[in-house]
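Everything below concerns the one structure shown next.
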Ligand SMILES: [Zn+2]
């Protein structure tokens, strides 16, 4: 037993701080590790040498600001994490290692009306296929991050009522998948994972306060406050789609009228173009036509942008994020949608909040959620197993993990 405060427990705590910093960032120079952990350069240097000798980290030469530096990352074969993302029409799985390398990734269509049992069976099959294809050892799976298109109650891990996957309401997704894969599973909603993905690998890198806006069959936001996802007790934080824009507007699926969603989500936007463009249009199609110069599609996308911008202006006034990242198909419209968003923010947000905000398209496209799921698995895993080289199945419990 180590006595708290003793020399050896202090050393152990420092080791864990360094491993955690590297695990979350993917790779860091020794100077960056010192900045992130608050440890002295000499301590970091000693710890990195010890971790390298123990096979936990790899050190490669790099350059930082034109100077030679040493880049530290976790050893590629130290463990495996898996990301699983359920969308309303797809299932996507990625297998990654602790050095933040994606080893395999695949997406397949998923029928919205399929039962949750079928959905989880399909996820299990796809995970198994990718594990086999990459040839990694199943025993090295340190954890799974799982994204679902609905709010997750933080305490119970239950999926709240959702109009997107009605057959899934009330189930505990992490438990379902854990039962099939036999490894710890951590769950969150897709907008939060999109935010996490962009934060770690995409347009949110280096930012601590960010909102990720996802426009698909609904409109949601993942909020990162001071570097952490903010969920609220019911997991419903960031439901920006249900901000009221027009009290006399169309009835929303939430029962209210004139929500942002009724001005921006596909099912409300597509019918606007039916008289002029016929049926069979998709959001992706509208974006493509708009980019090709179609005036009707450009007008619709600009209107959607202005409405999203009103919602973002509210968000700005409340949370003052430094960056808003637009994800989903709509982001492909680039300035055609971002310009009108910025215009509305400029008009409706407090000038001092708007001034600090940059609005960017997502860098990860449709992969943001599954990569966010990998980031979730990475952030929730414990370090003791890495340091002790023990079995990876026994990780410390996190808020809504099933270990
Ligand atoms: Zn609503």
Can you name the condition, by its number, that residue 109 falls short on among (1) under 18 Å from residue 190 (Cβ atoms); (2) in contact with a helix residue (DSSP H, G or I) (Cβ under 9 Å, 6 or more places away or on another chain)?
(2)
Extreme residue, surrounded by the most Cβ atoms within 10 Å (Cβ to Cβ), among residues of the range 107-125 that are free of Cβ contacts under 8 Å to residues at least 40 places away in the same chain and in contact with a strand residue (DSSP E or B) (Cβ under 7 Å, 6 or more places away or on another chain):
110
Would you check if there is a residue in the range 205-216 being within 16 Å of the ligand (Cβ to nearest atom), crowded, with 24+ Cβ neighbours inside 10 Å, touching a residue at least 40 places away in the same chain (Cβ under 8 Å) and in a loop (DSSP other than H, G, I, E, B)?
no
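Matching residues to (1) in contact (Cβ under 8 Å) with a residue 60 or more places away in the chain; (2) under 22 Å from the mean Cα position of the chain (by Cα); (3) under 15 Å from residue 360 (Cβ atoms):
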residue: 312; (1), (2), (3): yes, yes, yes
residue: 321; (1), (2), (3): yes, yes, yes
residue: 325; (1), (2), (3): yes, yes, yes
residue: 334; (1), (2), (3): no, yes, yes
residue: 339; (1), (2), (3): no, no, yes
residue: 342; (1), (2), (3): no, no, yes
residue: 346; (1), (2), (3): no, no, no
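Please indicate, with yes or no, whether at least one residue in the range 188-202 is crowded, with 24+ Cβ neighbours inside 10 Å, in a loop (DSSP other than H, G, I, E, B) and touching a helix residue (DSSP H, G or I) at 6+ places or on another chain (Cβ under 9 Å).
Yes, because at least one residue in the range 188-202 is crowded, with 24+ Cβ neighbours inside 10 Å, in a loop (DSSP other than H, G, I, E, B) and touching a helix residue (DSSP H, G or I) at 6+ places or on another chain (Cβ under 9 Å).
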Positions within the range 131-160 being modelled with pLDDT of 90 or more and under 18 Å from residue 372 (Cα atoms), in sequence order:
141, 142, 143, 144, 145, 146, 147, 148
I'd like to check something: does the range 386-401 contain any residue that is surrounded by 15 or more Cβ atoms within 10 Å (Cβ to Cβ), part of a helix (DSSP H, G or I), touching a strand residue (DSSP E or B) at 6+ places or on another chain (Cβ under 8 Å) and at pLDDT below 95?
yes
Would you say residue 220 is more than 10 Å from the ligand (Cβ to nearest atom), without any contact (Cβ under 8 Å) to a residue 60 or more places away in the chain, surrounded by 15 or more Cβ atoms within 10 Å (Cβ to Cβ) and outside the structural domain of residue 28 (by TED's automatic domain parsing)?
yes
Total residues in the range 225-235, condition assigned to a loop (DSSP other than H, G, I, E, B) and surrounded by fewer than 17 Cβ atoms within 10 Å (Cβ to Cβ):
5
Anything in the range 230-243 that is within 11 Å of the ligand (Cβ to nearest atom) and either touching a strand residue (DSSP E or B) at 6+ places or on another chain (Cβ under 6 Å) or more than 22 Å from residue 344 (Cα to Cα) (or both)? List them, or say none.
240, 241, 242
Give me the residue from the range 244-258 that is over 19 Å from residue 313 (Cα atoms) and in contact with a strand residue (DSSP E or B) (Cβ under 9 Å, 6 or more places away or on another chain) and, out of that set, modelled with the lowest pLDDT.
253
Just checking, how many residues over the range 244-284 are in a helix (DSSP H, G or I) and either more than 10 Å from the ligand (Cβ to nearest atom) or touching a residue at least 24 places away in the same chain (Cβ under 8 Å) (or both)?
17
Does residue 296 satisfy the condition of being over 23 Å from the mean Cα position of the chain (by Cα) and away from the ligand (no atom under 16 Å from the Cβ)?
yes
Residue check for residue 104: in contact with a helix residue (DSSP H, G or I) (Cβ under 8 Å, 6 or more places away or on another chain), assigned by TED's automatic domain parsing to the domain that holds residue 166 and surrounded by 20 or more Cβ atoms within 10 Å (Cβ to Cβ):
no
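The values are calculated or read from the model by the stated rules, or taken from the named source; none is laboratory data. Because the structure is a prediction, the values reported are computed rather than measured. Because the Cβ atoms are built from the backbone with ideal geometry, glycine has one as well, and the counts that use them run over all protein chains shown.
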